[in-house]
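Worksheet: one structure, shown below.
The values are calculated or read from the model by the stated rules, or taken from the named source; none is laboratory data. These figures come from a predicted structure and were not determined experimentally. Glycine gets a Cβ as well: all are built from the backbone with ideal geometry, and neighbour counts include every protein chain shown. Ligands, DNA and RNA are excluded from the accessible area calculation, which covers all protein heavy atoms including side chains. Shrake-Rupley method; radii C 1.70, N 1.55, O 1.52, S 1.80 Å.
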Amino acid sequence: MARVPFQPFQLEEWQSLYEMNTEFNLADSGVQPVLLSEMLQTPDAVSAFLNSDLHYPAVNGTELLRQRIAALYGPEVTADQVLVTVGAAEANGLAVTTITEPGDHVVVLEPGYRQVAGVAANNGCEVDAFHLIEAEGWRPDLDELERVVRPDTKLIAVNNPNNPTGAILTELEMEAIIAIASRVGAWILADEVYHGSETSGIDTPSFHGRYDRLLITNSLSKAYGLSGVRVGWIVADAETAQDLWRRHEYATISTSNLSMKIAELAVEPVRREELFTRNRRLVRDGFARLADWAGSTDGIVTVIEPKATALAFPRLDLNLSSLDLAHEFRHDGVLVGVGAHFGVEQHVRITHALEASYMDDAFARMSGTIERLAGAVGRAER
Ligand SMILES: Cc1ncc(COP(=O)(O)O)c(C=O)c1O
């Protein structure tokens, strides 16, 4: 079989190249990060952490961490259904390479975080998308999903709440996706990393327990504000969890011992709720600030209010590709996500849940860019 040309992960490549050398980084996707000192709140906790041995930890995740993660999904879920990974990034990658083989058909949701699409394509799969429709407030086009799913579709991947739009599927939409998957026996991969970041304060329902061919991925990076800890997980039936574990040994062996200590604290129910409350406050304040700024741009920037996530995916009516536009912002010192990297032109992705003064300075810079461009390239036709 011919080797497939490698597809780079454009979004992460963009961030790797520029996030360390641009003055304002609004291209990230989480809230203002939590400090280690905020996680280790007592002298005992500090001492336990400092006295951690620096040996390899349990490869599939410590028993305590896997038990605590399992409990988040219900009393019937056991620790052997959980694999702890290096972020949801590893979890998603393992999910694709465990479930699919070259030649399989995979369906993803767009606009979206294109990791699953890229890994599947690099693995020799054929990838199609179904879309969230902007004119309907980013609702999923389920008729399109019906059309693109085939008898040989192996995997349907959704990200809920969605990066970059912040849209949340309704339970009816979730059930419709499951019904379509079940008709052809496809697996569903539900990436739920933004669970816990809802502005309403109401938890997004999980796909867990609704279907048997199901993989749930999640991590500490978004709603918990702990992306540097690099802990994620995947929940599946116990047999599939073993298959994932065998691939995890090749990929990374394990995540870090120290990270799992922090993770054990973070997923403990009381602390988890505190972290989610912090996240939701930052997300609500951040979006209000972004909406004010958008309102000051003479209609050039318009945005559908996200229901969750620290992100907004505004439309910019300027006569420029999203990549050129993002480069213009970057030259003025602000890094934003490029719409095309999520599958949609005329948009950029902006993280807004960072410190107020940082955001205000970055928005002032972006207003300057927009004014300059409105004169130079003109406004795009709607
Ligand atoms: C939807 C989604 N899934 C997975 C990831 C990977 O996250 P991490 O590996 O930090 O858990 C990201 C990061 O931006 C994401 O947005």
Exercise. Which ones in the range 18-50 are away from the ligand (no atom under 16 Å from the Cβ) and either among the acidic types (Asp, Glu) or under 29 Å from Gly339 (Cα atoms) (or both)?
Worked result: Met20, Asn21, Thr22, Glu23, Phe24, Glu38, Asp44
Seminar exercise, completed: Scanning the range 149-165 for residues that are more than 16 Å from the ligand (Cβ to nearest atom) and surrounded by 17 or more Cβ atoms within 10 Å (Cβ to Cβ) gives Val149, Thr153, Lys154
Exercise. Do we have Trp245 as open to solvent by 30 Å² or more (accessible area, probe 1.4 Å) and more than 19 Å from the chain's Cα centre (by Cα) here?
Worked result: yes
Problem set entry | Near pairs, Cβ below 8 angstrom, 6+ apart or cross-chain, from the range 73-93 (assigned by TED's automatic domain parsing to the domain that holds Ala157 and more than 16 Å from Glu249 (Cβ to Cβ)) to any residue that is among the charged types (D, E, K, R) and within 8 Å of the ligand (Cβ to nearest atom) | Gly87/Arg230; Ala88/Asp191; Asn92/Asp191
Exercise. Of all residues in the range 25-51, which are within 30 Å of Trp14 (Cα to Cα) and either at pLDDT 95 or above or open to solvent by 60 Å² or more (accessible area, probe 1.4 Å) (or both)?
Worked result: Asn25, Leu26, Ala27, Asp28, Pro33, Val34, Leu35, Leu36
Exercise. Out of the range 214-260, which residues are within 14 Å of the ligand (Cβ to nearest atom) and polar (S, T, N, Q)?
Worked result: Thr217, Asn218, Ser219, Ser221, Ser227, Thr252, Thr255, Ser256, Ser259
Exercise. When you look at Glu273, is it part of a helix (DSSP H, G or I) and at pLDDT 95 or above, yes or no?
Worked result: yes
Seminar exercise, completed: Arg372: passes all of (1) free of Cβ contacts under 8 Å to residues at least 60 places away in the same chain; (2) assigned to a helix (DSSP H, G or I); (3) open to solvent by less than 30 Å² (accessible area, probe 1.4 Å) but (3)
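May I ask you to verify whether Glu134 is outside the structural domain of Glu305 (by TED's automatic domain parsing) and more than 20 Å from His347 (Cα to Cα)?
Against the criterion (outside the structural domain of Glu305 (by TED's automatic domain parsing) and more than 20 Å from His347 (Cα to Cα)), Glu134 does not qualify.
Taking the conditions exactly as written (away from the ligand (no atom under 16 Å from the Cβ), surrounded by fewer than 16 Cβ atoms within 10 Å (Cβ to Cβ) and more than 20 Å from Ile99 (Cα to Cα)), does Asp203 satisfy them or not?
Considered against the rule, which asks whether it is away from the ligand (no atom under 16 Å from the Cβ), surrounded by fewer than 16 Cβ atoms within 10 Å (Cβ to Cβ) and more than 20 Å from Ile99 (Cα to Cα), Asp203 comes out as yes.
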For this session: Report, ordered by the first and then the second residue, all pairs with beta carbons closer than 7 Å, sequence separation of six or more or different chains, a first member in the range 219-230 that is modelled with pLDDT of 95 or more, and a second member that is assigned to a loop (DSSP other than H, G, I, E, B) and of a type in the set (Phe, Trp, Tyr).
Result: Lys222/Tyr194; Ala223/Tyr194
Exercise. Out of curiosity, is Glu173 open to solvent by 10 Å² or more (accessible area, probe 1.4 Å), without any contact (Cβ under 8 Å) to a residue 24 or more places away in the chain and in contact with a strand residue (DSSP E or B) (Cβ under 6 Å, 6 or more places away or on another chain)?
Worked result: no
Exercise. How many residues are assigned to a strand (DSSP E or B), of a type in the set (A, V, I, L, M, F, W, C) and farther than 16 Å from Ala79 by Cβ if we restrict to the range 215-267?
Worked result: 1
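Hey, any hits in the range 311-322 for a residue that's assigned to a helix (DSSP H, G or I), out of contact with any Ser or Thr (no Cβ under 8 Å at 6 or more places or on another chain) and in the same structural domain as Asn25 (by TED's automatic domain parsing)? I'd like the intermediate steps shown before the answer.
In the first step, residues of the range 311-322 are kept if they are assigned to a helix (DSSP H, G or I); the result is 322.
Of the ones still in play, those that are also out of contact with any Ser or Thr (no Cβ under 8 Å at 6 or more places or on another chain) are 322.
Restricting the remaining residues to those that are in the same structural domain as Asn25 (by TED's automatic domain parsing) gives 322.
Yes, the conditions are met somewhere in the range 311-322.
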For this session: Report, by residue number, each residue of the range 345-358 that is buried (at least 22 other Cβ atoms within 10 Å of the Cβ) and not charged (D, E, K, R).
Result: His347, Val348, Ile350, Thr351, His352, Ala353
For this session: Starting from the range 286-304, keep only residues that are surrounded by fewer than 13 Cβ atoms within 10 Å (Cβ to Cβ), then list their pairs with residues that are of a type in the set (A, V, I, L, M) and not in a helix (DSSP H, G or I) whose Cβ atoms are within a distance under 9 Å, requiring at least 6 positions of separation or different chains.
Result: Gly295/Val301
Problem set entry | Unmet requirement for Tyr194, which otherwise passes all of (1) more than 23 Å from Leu142 (Cβ to Cβ); (2) crowded, with 22+ Cβ neighbours inside 10 Å | (1)
